[in-house]
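Notes to accompany the following structure.
The values are calculated or read from the model by the stated rules, or taken from the named source; none is laboratory data. Given the structure is predicted, the values throughout are model-derived calculations rather than measurements. So basically every Cβ, Gly included, is an ideal-geometry build from the backbone, and we count neighbours across all protein chains shown. For the accessible areas, the whole protein counts, side chains as well, though only heavy atoms, and no ligand, DNA or RNA atoms are used. Shrake-Rupley method; radii C 1.70, N 1.55, O 1.52, S 1.80 Å.
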Amino acid sequence: MSVLTVMSGAAAWVGGLAGVRRAGFAFLLGALAVLAFAPVHAWPVMFLSFGGLVWLLDDCAANDARGARLKCGGATGFWFGCGFFLAGLYWLAEAFLVEPTRHAWLIPFVMTALSAGMALFYAAAGVLAMALWQPGPGRIFALAIAFGLAEYARGHVLTGLPWNLIGYALLPEGPLMQMAALLGVYTLCVLAVALFAAPAATWSGQNTCSKCAAGVAATLLVLLGLGYVWGDRRLAATTDGDTDLRLRIVQANIDQADKWRPENAAKIFGDYVELTRAPGLEDTDLVIWPETALPFFLADTSEALTAIGDALPQGTHLLVGAARAVQERDADAILSEERVYNSLLLLDENGRVREAYDKVHLVPFGEYLPFQDFLESLGVMQMTGVRGGFSEGTGSRLLEVPGAPLMRPLICYEIIFPGEVGDTRVRPGWLLNVTNDAWFGTSAGPYQHFHQAQVRAVEQGLPLVRAANTGISAVIDAQGRVLAEIGLGERGLIDAVLPNAGPHLGEKHYTLVLCFVLFALLCIVLYFRRTLQP
């Protein structure tokens, strides 16, 4: 039995699915695609996922009525997206189990609504793909354009959630990850979809093989190989070295269920101070504690500030994630407003707060509620339990740490937004990501978060220092290589020297341009197809 017969038979079987079986198969294809991301990184499964999607959409294109084609494409994209986002974001349910009596009942409603809501982007991609669909190689370009724009949209619409962008599947640690420095993850989304869809687009259910589509598939695979070779040589040629800044990263591994109990506050603070005072502190320039490391307002707690000042040697500073309260009073000194920020504080050796960065990109429903006052009146609270929610910071900025290069602070998931990391007028010398992934236990979530942070380092050509409450804390160089690490669920320290910055290959705003180029190619294919028809 020939390969042509087998593949054409598979395409015909997939195209013949209908109703619930069709929706279920699309759902499974989307769920399977998640294996391409951290911690598994089995990216070849994407050939199966997007290959099957091509064959499902081929069947949609067989409808004579345009409306039926678009409806079929939208439904196929939607069910593919439901599987993708439910499997890819399942770990969010862990956060609802930190306080199960308050939040566990919400899990089926939240996960269903979130997966279905995010799947609307892929439904739109299915509709657009059908609008552009052409036999042969044209459908490769159609799918790449549609999903490339959908991925860009979901990273920006309604504050955005660019988690597990398809382009990350092409960026496991090592040579392939270096492509992020050249193109950026959004552009790689377009190329990844084209690459993963191209082999299946070579065959159809009519026992035929498109030589042109096979040529496109071969070309894309060659380009992937060239990307690997370029990345390997880039890593081999790197001689960035280190700065003179000596770091100590503290990972206290505090369980989220215990963190906000008032009776534990003193012990948690003591754990951080004890770890900080470990031998070697006298040789450290900068100590780093993770996001909301302490369950109280540090800047307003003089005893804690004094204890920190006693622990730090002369010339050593501390960067610590902490909630920060700001009160505004009227002319009569009556409290008119109180705002709480998720902040990063810089403390000197005397325990004085020298600078503060307030988180700008807050997590919806986690750190604030849309229609906050109305929902709170109904008894609904965001996960952090802060009355009124956290307030948004004033904007992206750099922090000046004495004796250190300019630093770009990023709190929690601010690191996953490619366009915001480099959103400063002056280029920083390094990135700092403080986070609290304890909400998500030992699920895939913290690993995915860590991987996306690695990619930001490569895109920006900057070293990344990461401090996480329960892991993964690490020092990562400008090529995304992990130089030191504390694993998930471990307690410990990292003593390391900050690596030098690497070259920046420019901002990666090629996504829309690439989509336009592919659309032009699609028009050319269509023109010649019509011209050559008898």
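Helices that extend 27 Å or more along their long axis by alpha-carbon positions and average at least 1.6 on the Kyte-Doolittle scale are, among the DSSP H runs of the chain, 107-132, 511-532. When the P(r) is computed for segment 243-331, the part past 17 Å accounts for 50% of the Cα-Cα pairs.
A Cβ-based charge dipole, computed about the Cα centre of segment 136-280 with Lys and Arg at +1 and Asp and Glu at -1, lands at about 420 debye. Each 10 Å bin from 0 upward holds the following percent of the Cα-Cα pairs of the chain: 4, 18, 26, 23, 16, 9, 4, 1, 0.
Equivalent ellipsoid of segment 135-208: semi-axes from √(5λ) of the C-alpha gyration tensor, largest first, are 25, 16, 9 Å.
In terms of overall dimensions, the C-alpha atoms belonging to segment 426-466 reach 36, 15, 12 Å along their principal axes, ordered largest to smallest. Figure note: W43, W260, W91 ranked by solvent-accessible area, largest first, 1.4 Å probe, ligands and nucleic acids not counted: W260, W43, W91.
As a rough guide to protection, the peptides 464-472, 81-89 ranked by mean Cβ packing within 10 Å, highest first, stand as 464-472, 81-89. Note that segment 154-296, at 10 °C in a medium of 1.306 mPa s, gets a Stokes-Einstein diffusion coefficient of 79 µm²/s from its Kirkwood radius over C-alpha pairs. Taking Cβ atoms as reference points and 13 Å as the exclusive limit, the residues near V287 contribute a net charge of -4, counting Lys and Arg as +1 and Asp and Glu as -1. Normalise the Cα radius of gyration of segment 434-499 by 2.2 N^0.38 Å (N = residues in it) and let me know the number. Expressed relative to 2.2 N^0.38 Å, the Cα Rg reads 1.04. Each Cα pair under 8 Å and six or more residues apart adds its sequence gap; the mean of these over the residue count of segment 424-511 is a relative contact order of 27 percent. Note on the chain: helix-only mean residue ellipticity at 222 nm, from DSSP H runs of 4+ residues weighted -39500 (n - 2.57) and normalised by residue number, equals -14500 deg cm²/dmol. Just how far, in whole angstrom, is segment 392-462 from segment 207-258 if you go by their alpha carbon centroids? About 18 Å separates the Cα centre of segment 207-258 from the one of segment 392-462. Over all orientations, segment 43-139 has a Cα convex hull whose mean projected area works out to 7.1 square nanometres. Per-residue packing, averaged as other Cβ atoms within 10 Å, sorts the ranges 120-126, 292-298, 394-400, 414-420 into the order 120-126, 414-420, 292-298, 394-400, beginning with the highest. For the chain, a crude dipole built from +1 on the beta carbon of Lys and Arg and -1 on the beta carbon of Asp and Glu, taken about the Cα centre, is about 2680 debye to the nearest 20. For segment 47-204, the square roots of the Cα gyration tensor eigenvalues, ordered a ≥ b ≥ c, give a/c of at least 1.5 with a/b no greater than b/c, which places it in the oblate category. Quick check: Cα centre of segment 42-81 to Cα centre of segment 111-135, how many Å? Using only Cα atoms, the two centres lie 9 Å from each other.
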